[in-house]
Amino acid sequence: MEKYQQIWVFVGALALLAVSALADVVFLTEENFEKEVGQDRGALVEFYAPWCGHCKKLAPEYENLGASFKKAKSVLIGKVDCDEHKTLCSKYGVSGYPTIQWFPKGSLEPKNYEGPRTAESLAEFVNNEGGTNVKIAAIPSNVVVLTAENFDEFVLDKTKDVLVEFYAPWCGHCKNLAPTYEKLATAFKLEEDVVIANLDADKYRDLAEKFGVSGFPTLKFFPKNNKAGEDYDGGRDLEDFVIFINEKCGTSRDGKGQLTPKAGLVDSLDALAKELVYAGKEEKKAVFAKLEEEVQKLDGVSSRYGKIYLKAAKNSMEKGADYAKNEINRLTRMLEKSISPAKIDEFILKKNILSAFA
């Protein structure tokens, strides 16, 4: 585990300090700021704090901006974590978050951006200041679009739980549902066994009739064990859909796609983890053996969680009572950094499971 801890710390440091050629938004630090800003291209820089609600709200817009300007060699889209780089933020007069500043080509004298915090408005500002003509890239949908050709491939796949919206392009209720349905698909996009899909029932009437669709939108759930389909009769708020998917698919996500504090937890293993914490030195070995037996009984995604329990148990025994608490604190700090969604999932799962050993 110690080896993996070192690797995780190294990865976290790279996310902050390295300027990747593939990055859409460049992470700026006290070490690389003047190498990237004030050189042969203009730069838009967001000064932010990881805990700031307005910054979190801006994040998807700013990421879209970065993706859109990725190929514009005359413009840099960057950001600075002011919790990590207080001196740098103070140098540029940052007193609130987010603060967005434009640095002209060859200059370290910034101009404050005071406009709306949308990708479109930011792009218009950058185009005016930087002499570019970049349009905001369309954000790809996470809803799977079904057709007569791919319907069986997705919906009848017995390894997937599938929610299908049967809609008509002219339907007002369908149009109202669309943004919520997109948010749902985005929230569960990392769940490989969950598919959020829709079908134009006006275009593919035979399929709609096959499943008894007579009004729009009609929502049907096709679980792994019942490909005849079940009617979804719940509410149409995002929270209603999220609760439904979590209950039906055994997932643990919120409306923003974050894993909940319950994600990864297995009741039988939790009980043994607590027993291990309070057991004496010799008793711990016996409890660990029970834990191994229980993990061997698990299958599917639960077996993955079981391996995390075993690793946490082994490290708790070898490194002492403070191991779990210290590791939780380390993971909490890592989660405050800008890391990939997959890494966020990984760290939250470990935090949740370690809580049983703390």
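The values are calculated or read from the model by the stated rules, or taken from the named source; none is laboratory data. If you're wondering where the values come from, they're calculated on a predicted model, not measured in any experiment. Here Cβ is always computed from backbone atoms with ideal geometry, including for glycine, and neighbour counts include all displayed protein chains. We work out accessible area using only protein heavy atoms, side chains counted, and drop any ligands, DNA or RNA first. Shrake-Rupley method; radii C 1.70, N 1.55, O 1.52, S 1.80 Å.
Just a few scattered comments:
- For the range 97-119, the set of residues classified as surrounded by 19 or more Cβ atoms within 10 Å (Cβ to Cβ) and touching a His at 6+ places or on another chain (Cβ under 9 Å) consists of TYR97, PRO98, listed by residue number.
- Close pairs (7 angstrom Cβ cut-off, 6 or more residues apart or separate chains): within 21 Å of LYS337 (Cβ to Cβ) and open to solvent by less than 50 Å² (accessible area, probe 1.4 Å) in the range 72-96, in a strand (DSSP E or B) and acidic (Asp, Glu) anywhere: LYS79/GLU46
- Matching residues, the range 16-62, being modelled with pLDDT of 90 or more and open to solvent by 80 Å² or more (accessible area, probe 1.4 Å): GLU30, GLU31, GLU34, LYS35, GLN39, ASP40, TRP51, HIS54
- Any hit, the range 329-348, residues being closer than 21 Å to TYR278 by Cβ and not hydrophobic (A, V, I, L, M, F, W, C): no
- Top-ranked residue in the range 259-280 [being under 20 Å from PRO341 (Cα atoms) and open to solvent by less than 70 Å² (accessible area, probe 1.4 Å); ranked as farthest from the chain's Cα centre (by Cα)]: LEU265
- Of all residues in the range 209-224, those satisfying the criterion of being within 15 Å of LEU156 (Cα to Cα) and over 28 Å from the mean Cα position of the chain (by Cα) are LYS210, PHE211.
- Selection within the range 330-358: residues that are assigned to a loop (DSSP other than H, G, I, E, B) and open to solvent by 50 Å² or more (accessible area, probe 1.4 Å). The member of this set that is nearest to LYS284 (Cα to Cα) is ALA358.
- Positions within the range 131-144 being open to solvent by 90 Å² or more (accessible area, probe 1.4 Å) and in contact (Cβ under 8 Å) with a residue 60 or more places away in the chain, in sequence order: LYS135, ILE139
- Remark: LYS248 falls outside the filter, which requires a residue to be open to solvent by 60 Å² or more (accessible area, probe 1.4 Å) and at pLDDT below 95.
- Of the residues making up the range 145-163, those that are open to solvent by 50 Å² or more (accessible area, probe 1.4 Å) and free of Cβ contacts under 8 Å to residues at least 12 places away in the same chain are GLU149, ASP152, GLU153.
- The residue pairs whose first member lies in the range 218-238 and is of a type in the set (Val, Ile, Thr), whose second member is not in a loop (DSSP other than H, G, I, E, B), and whose beta carbons are closer than 7 Å, counting only pairs six or more residues apart or on different chains, are THR218/PHE166.
- Within the range 281-289, not a single residue is surrounded by 14 or more Cβ atoms within 10 Å (Cβ to Cβ), under 23 Å from the mean Cα position of the chain (by Cα), farther than 30 Å from PRO50 by Cα and at pLDDT below 95.
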